[in-house]
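Engineer: Next up is a structure, given as structure tokens.
The values are calculated or read from the model by the stated rules, or taken from the named source; none is laboratory data. In this text, all values refer to a predicted model and were calculated from it rather than measured experimentally. Don't worry about glycine lacking a Cβ; one is built from the backbone with ideal geometry, like all the others, and counts go over all protein chains shown.
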Amino acid sequence: MTTHGDDSDPAETSSVAAEPPLPAALGDLRTAITAATYPLALASARTARDCATVVTDQLDDYLLPRLSRLDAPLLVVVGGSTGAGKSTLVNSLVQARVSASGVLRPTTRSPVLVCNPADTTWFRAGELLPGLTRTNEPGDTTDTLQVVAAPALPAGLAFLDAPDIDSVVDANRALAGQLLAAADLWLFVTTAARYADAVPWGLLRTARDRGTVVAMVLDRVPPEAADEIRDHLAEMLTANELGDAPLFVLPETVISGQGMLPEPVVTELRDFFARLAADSDARDAVVRQTLDGALAALHPAVAQLAAAADEQATAATALDERVEAAYRGARRTVEQAVQDGRLLRGEVLARWQEFVGTGEFLRGLEARIGRLRDRVVAAVTGRTPPAAELRDAIESQLVTLLRGVAADAAEQAYTGWQAHPAGAALLTPELARPGANLGERAERLVRDWQRDVLELVRAEGGDKRFVARTAAYAVNATGVTVMIAVFASTAFIPTGLEVATGAGTAVAAQSVLQAIFGDQAVRTLAARARTDLLTRVDALLAEEAARYTALTAVAAEAGPTAERLRAAAAEVAAAHREFGLAEPPGHAPAGSAT
């Protein structure tokens, strides 16, 4: 029985329209790499940034465009040391003077790509090496790619003459490395005099690790030393796990007036590439081998990036912990000062004594609580009470305390960061001091707290006839008494004359409040006011600490970034296995017997 909709199954349509798994996974990996940052000055950071650039370049320049067209012409990048004769060799292979050669260095500044006229559409489209602007004329910058058609070059094969890998110009060296990473096959050209140089061997090992197919040209070899040099180079190739690379030896010779090598010198090499161009299976094998190696090389590269991201997160955590410890100590100092009675001395003590009465009054206070209440009430109708002066004294003491602990914490955090390489690089002189306008913010904090204490008293005493009888002044008087009680701990044990007076002050504060609200109300009001004060102090110190932690916030997010990188790399590995490059069809190009 036929049902409606059989011809347009949604799942089937979706699978057809979806991007193939491997390119999609590579796109996700590229996004993850681009999102990763390494802001902290760690030894691994610069290496990670360089590695990220290399990986994203290879994704953009080679892997993604090549996967979109596995049958695109084979790209042979001709690379090597300064003066190795790369341009002369390219001209000779394509039988046309397409790349400048000469004694001035560097000769090749802007890369030149030579292909059969039938293949120019692909290379001009810009999918491969998309960061290079295509031109028809020779250039003198590293951001252009001259595309030249050469009818003598077989279709399906292209040569790219790259700048010197050891160029004295930094941009040329960087571009040479980028172009080599975009090669299906790297034709490395060296000379009898320079084949053992360190720089090219570093790049050759990189090509090996990426799985890039490599062929070697040993140029300008004296005939009498050809066997010895060839054998030594072959030994070096084998020692570096490149023993399978085809090796072509070109003797010393005279360059023609057209800047080309004599035909017999390049015949063997031209035949090698002619066979490769004519054999689609061989070309496919080269492409697949290089793709397979490049994809496999992504895993250790991304693992390095993820490890660097982990180090960023770990360092950010270590730096944040030093800041948190400094400001946690500041908070602890404030909490102790609030509880141990030290704020009840000096100006605060003097103003409190003025507020509640003389020393004789304090000594008899326990027996005259009722009369004290009446005195406080009567004060509103007579002389101006000293409550405002007491509030100002409390504010001054608290602000001084907050200034001090903030300064100490800033100095401690600064010193902690100085001892850490990543922290030292982030420091600026102003971080050694409290933040701008700290004094103003501290004053505002205390005033806001005092206002809310008065509101708390008003709310708690709303149903008390005391407030009804005494109106606003009683609230103010009771409020400042609550503030005094906040700074007296029940565990406070006074020692010395001044502290003993402070203890008496605490008793006075408790007595006044008990006369008004009773024991439980005293404890509730003091506890709530103390908690409110410390909460505000926490917020102020958090603002101060944020001056530091804001600098590590981006690095602190590197932990999830590392996991994202690893997850993206795992997706690429799975898609790579599914794609089936590990067992390419066809056969690899045969090497030279020379």
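Engineer: Out of the residues in the stretch 270-302 that are farther than 23 Å from Thr56 by Cβ and either touching a Phe, Trp or Tyr at 6+ places or on another chain (Cβ under 7 Å) or charged (D, E, K, R) (or both), state the one that is surrounded by the most Cβ atoms within 10 Å (Cβ to Cβ).
Structural biologist: In this case the residue turns out to be Arg283.
Engineer: Please count how many residues of the stretch 133-164 are assigned to a loop (DSSP other than H, G, I, E, B), of a type in the set (A, V, I, L, M) and buried (at least 24 other Cβ atoms within 10 Å of the Cβ). Before the answer, list the steps.
Structural biologist: Pass one, the stretch 133-164, residues assigned to a loop (DSSP other than H, G, I, E, B): 136-143, 150-156, 162-164.
Next cut, of a type in the set (A, V, I, L, M) only: 150, 152-153, 155, 162.
After this cut, where a residue has to be buried (at least 24 other Cβ atoms within 10 Å of the Cβ) as well, the list is 153, 162.
Residues that pass the stated criteria total 2.
Engineer: Answer with yes or no whether Ala378 is surrounded by fewer than 16 Cβ atoms within 10 Å (Cβ to Cβ), in the same structural domain as Gly211 (by TED's automatic domain parsing) and at pLDDT below 95.
Structural biologist: Numbers: surrounded by fewer than 16 Cβ atoms within 10 Å (Cβ to Cβ): yes; in the same structural domain as Gly211 (by TED's automatic domain parsing): no; at pLDDT below 95: yes.
In short, no.
Engineer: From the list Leu187, Leu175, Leu203, Leu179, which one is in a strand (DSSP E or B) and either within 22 Å of Leu113 (Cβ to Cβ) or touching a residue at least 40 places away in the same chain (Cβ under 8 Å) (or both)?
Structural biologist: Leu187
Engineer: For the stretch 290-308, does any single residue satisfy the condition of being under 18 Å from Ala158 (Cα atoms), in a helix (DSSP H, G or I), not assigned by TED's automatic domain parsing to the domain that holds Thr535 and not aromatic (Phe, Trp, Tyr)?
Structural biologist: Yes, some residue in the stretch 290-308 is under 18 Å from Ala158 (Cα atoms), in a helix (DSSP H, G or I), not assigned by TED's automatic domain parsing to the domain that holds Thr535 and not aromatic (Phe, Trp, Tyr).
Engineer: What's the number of the condition Val77 fails, among (1) assigned to a helix (DSSP H, G or I); (2) among the aliphatic types (A, V, I, L, M); (3) farther than 22 Å from Leu319 by Cβ?
Structural biologist: (1)
Engineer: Okay, moving on. Just a yes or no: is a residue in the stretch 213-225 in the same structural domain as Leu187 (by TED's automatic domain parsing), within 27 Å of Arg283 (Cα to Cα) and assigned to a helix (DSSP H, G or I)?
Structural biologist: Kept after step one, since they are in the same structural domain as Leu187 (by TED's automatic domain parsing), are these residues of the stretch 213-225: 213-225.
Right, trim to within 27 Å of Arg283 (Cα to Cα) and you get 213-219.
Still in the list and also assigned to a helix (DSSP H, G or I): none.
The answer is no; no qualifying residue exists.
Matching residues to (1) buried (at least 18 other Cβ atoms within 10 Å of the Cβ); (2) of a type in the set (Val, Ile, Thr); (3) assigned by TED's automatic domain parsing to the domain that holds Ala196; (4) touching a residue at least 12 places away in the same chain (Cβ under 8 Å):
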{"residue": "Arg46", "(1), (2), (3), (4)": "no, no, no, no"}
{"residue": "Asp50", "(1), (2), (3), (4)": "no, no, no, no"}
{"residue": "Thr56", "(1), (2), (3), (4)": "no, yes, no, yes"}
{"residue": "Leu59", "(1), (2), (3), (4)": "yes, no, no, yes"}
{"residue": "Tyr62", "(1), (2), (3), (4)": "yes, no, no, yes"}
{"residue": "Arg66", "(1), (2), (3), (4)": "yes, no, no, yes"}
{"residue": "Val78", "(1), (2), (3), (4)": "yes, yes, yes, yes"}
{"residue": "Ala84", "(1), (2), (3), (4)": "yes, no, yes, yes"}
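Engineer: Then there's this: Tell me whether the stretch 245-254 contains one or more residues that are in a strand (DSSP E or B), under 20 Å from Ser99 (Cα atoms) and not basic (Lys, Arg). Walk me through it before giving the result.
Structural biologist: Looking only at the stretch 245-254, we keep the residues that are in a strand (DSSP E or B), and these are 247-251.
When the remaining residues are screened for being under 20 Å from Ser99 (Cα atoms), the result is 250.
Restricting the remaining residues to those that are not basic (Lys, Arg) gives 250.
Checked against the condition, which is being in a strand (DSSP E or B), under 20 Å from Ser99 (Cα atoms) and not basic (Lys, Arg), the stretch 245-254 yields at least one hit.
Engineer: While we're on this one: Restricting to the stretch 425-440, name every residue that is without any contact (Cβ under 8 Å) to a residue 40 or more places away in the chain and in a helix (DSSP H, G or I). Quick ask: steps written out before the conclusion?
Structural biologist: Here is the first cut: in the stretch 425-440, the ones without any contact (Cβ under 8 Å) to a residue 40 or more places away in the chain are 427-430, 432-433, 436-437, 440.
Correct list: Pro429, Glu430, Ala432, Glu440.
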